[in-house]
Amino acid sequence: MEKVIKHQPVTILPSLNPGKEKMKDPDISATCLQQMIKDYEEALEVYTMDHFPVQYATLQHNLGNAYRKLAEIENRNENLKRALEAYEEALKVFTKEKFPTVHDLVKAIQLQAEQEVRISTQTSD
């Protein structure tokens, strides 16, 4: 049975990042980010890697960005680890061979998040 998401696909598909402008707000709330994460996760139930690989990877990248932003507010290590998992999923589609520019962008963001985890772990010891 196919899952139906609350949002119409047209609201998600133009950029697959309806929260892009909200993410730029330095005062974005944890509640807003948690809702964005929920929305991305619901969209991923429809836009699967098997049927919509590029959309899946784009949503994973955006999910990683939302978790990374949420890590600035709460549960730093946990949310950074979730961000890294999402970036890793995105890179399964955005390979160096097929999408070199996007791959390099996602990989650079992933490396920054890994560095943030190392710093956070060092300072919490």
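The values are calculated or read from the model by the stated rules, or taken from the named source; none is laboratory data. Being a predicted model, the structure only gives us computed values, none of them experimental. Glycine gets a Cβ as well: all are built from the backbone with ideal geometry, and neighbour counts include every protein chain shown.
Return the residue satisfying two criteria in turn: it lies in the range 14-48 and is surrounded by fewer than 16 Cβ atoms within 10 Å (Cβ to Cβ) and not in a helix (DSSP H, G or I), and of such residues it is modelled with the highest pLDDT.
This residue is THR48.
Being under 24 Å from ILE28 (Cα atoms), out of contact with any His (no Cβ under 9 Å at 6 or more places or on another chain) and not in a helix (DSSP H, G or I): is that true of ILE119 here?
Values: under 24 Å from ILE28 (Cα atoms): yes; out of contact with any His (no Cβ under 9 Å at 6 or more places or on another chain): yes; not in a helix (DSSP H, G or I): no.
So ILE119 fails the test.
Which one is nearest to TYR56 (Cα to Cα) among residues in the range 72-119 that are surrounded by 14 or more Cβ atoms within 10 Å (Cβ to Cβ) and either touching a strand residue (DSSP E or B) at 6+ places or on another chain (Cβ under 6 Å) or polar (S, T, N, Q) (or both)?
The extreme case among them is GLN110.
Looking at the range 27-38, I want the residues that are touching a residue at least 24 places away in the same chain (Cβ under 8 Å) and have a partner that is assigned to a helix (DSSP H, G or I) and among the small types (Gly, Ala, Ser) with Cβ atoms under 7 Å, at least 6 apart or on another chain. Which pairs are those?
As it stands, the answer is LEU33/ALA66; MET36/ALA66; ILE37/ALA66, since those pairs meet every condition given.
In the range 101-125, how many are of a type in the set (Asp, Glu) and in contact with a Lys or Arg (Cβ under 9 Å, 6 or more places away or on another chain)? Spell out how you get there, then give the answer.
Narrowing the range 101-125 to residues of a type in the set (Asp, Glu): 104, 114, 116, 125.
Applying the additional criterion that residues be in contact with a Lys or Arg (Cβ under 9 Å, 6 or more places away or on another chain) yields 104, 116.
Adding up the residues that qualify gives 2.
Applying the selection to the range 67-100, what residues are assigned to a helix (DSSP H, G or I) and over 25 Å from LYS22 (Cβ atoms)?
Within the range 67-100, the first condition is being assigned to a helix (DSSP H, G or I), and the residues that meet it are 67-71, 76-93, 100.
Passing the criteria: LYS92, PRO100.
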